[in-house]
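K.L.:
Below is the structure I would like to discuss, written out as structure tokens.
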Amino acid sequence: MRQDRAEGGAHVPQAASSGSSPLSTSSSRAVPGSCCLCFCCCCSCSCLSVRGGQDEPSRDNGRQPKSTSSRETKLEEVDEKTASGQPDMEEVNEWGKSFDKMMKSCHGRIIFREFLKTEYSEENMMFWLACEDLKEEKPENQSAIEEKARQIYEDYISILSPKEVSIDSRVREIINRNMVDPTPSTFDEAQQQIYVLMHRDSYPRFLNSKMFKDLLRQVSSEGASS
């Protein structure tokens, strides 16, 4: 590990001057030991106060690839196991009419997530899936709830995370209060905001994308030949 950091440090100036891909430098964003990642509103931790009423710069301009390595949620594992083969023509046509139906389909979630990767916004789907996984926990299983809530906060809410999702200050404050005593519904408002964002922003582009049109042609030709 020490050797990797030494080599990464030696090449940073060259990467900056040669315009190398952001993918090659995304791992350097982490700042070890820079935050306690506390969750209460009463402390002075920089991870909760750094915004200080300032508006966050838009993340849509000059978007960069983000690190997407994370623990798989149960729902992701279920999608991978159950989405064998290809969706049929009727199912894909339904996706073109209803975002809700696409998000209820394991095939639909997998394909839409692949599209989000091309827009460097896969973290929105990953956050939504993690919230769904958290809501599956029984209220009496408090230790598991707290661990999953902490992981979701660190991965998608903390401003130090490269996978931070875009939520407004009101919802962020609600989450900070909820994290004092996490429940399966701790991130409900944030999850709804991200769901609406994907529906209004990414979904229309998905329907007009080459990925979706190619899939439509494929299932149509398979349906005609069967």
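The values are calculated or read from the model by the stated rules, or taken from the named source; none is laboratory data. The structure presented is a predicted model; accordingly, all values stated were derived computationally and were not measured. Backbone-built Cβ (ideal geometry, glycine too); neighbour counts: all protein chains shown. We work out accessible area using only protein heavy atoms, side chains counted, and drop any ligands, DNA or RNA first. Shrake-Rupley method; radii C 1.70, N 1.55, O 1.52, S 1.80 Å.
K.L.:
Which ones in the range 185-226 are under 30 Å from residue 149 (Cβ atoms) and of a type in the set (Phe, Trp, Tyr)?
P.N.:
Matches in the range 185-226: 187, 195, 203, 206.
K.L.:
Return the residue satisfying two criteria in turn: it lies in the range 103-115 and is of a type outside the set (Phe, Trp, Tyr), in contact (Cβ under 8 Å) with a residue 24 or more places away in the chain and closer than 14 Å to residue 209 by Cβ, and of such residues it is surrounded by the fewest Cβ atoms within 10 Å (Cβ to Cβ).
P.N.:
Only one residue tops the list, namely 114.
Quick grid of which residues meet (1) among the basic types (Lys, Arg); (2) free of Cβ contacts under 8 Å to residues at least 12 places away in the same chain; (3) open to solvent by less than 40 Å² (accessible area, probe 1.4 Å); (4) not in a loop (DSSP other than H, G, I, E, B):
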site	(1), (2), (3), (4)
185	no, no, no, no
191	no, no, yes, yes
197	no, no, no, yes
205	yes, no, no, yes
211	no, no, no, yes
214	no, yes, no, yes
218	no, no, no, yes
222	no, no, no, yes
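K.L.:
Which residue is farthest from the chain's Cα centre (by Cα), if the candidates are limited to the range 151-172 and must be free of Cβ contacts under 8 Å to residues at least 40 places away in the same chain and open to solvent by 30 Å² or more (accessible area, probe 1.4 Å)?
P.N.:
Selected residue: 170.
K.L.:
Report the residue count in the range 123-137 for those that are open to solvent by 30 Å² or more (accessible area, probe 1.4 Å) and assigned to a helix (DSSP H, G or I).
P.N.:
2
K.L.:
Please enumerate the residues belonging to the range 172-183 that are of a type in the set (Val, Ile, Thr) and either part of a helix (DSSP H, G or I) or closer than 21 Å to residue 97 by Cβ (or both).
P.N.:
Of all residues in the range 172-183, those of a type in the set (Val, Ile, Thr) come to 174-175, 180, 183.
Within the range 172-183, 174, 175 qualify.
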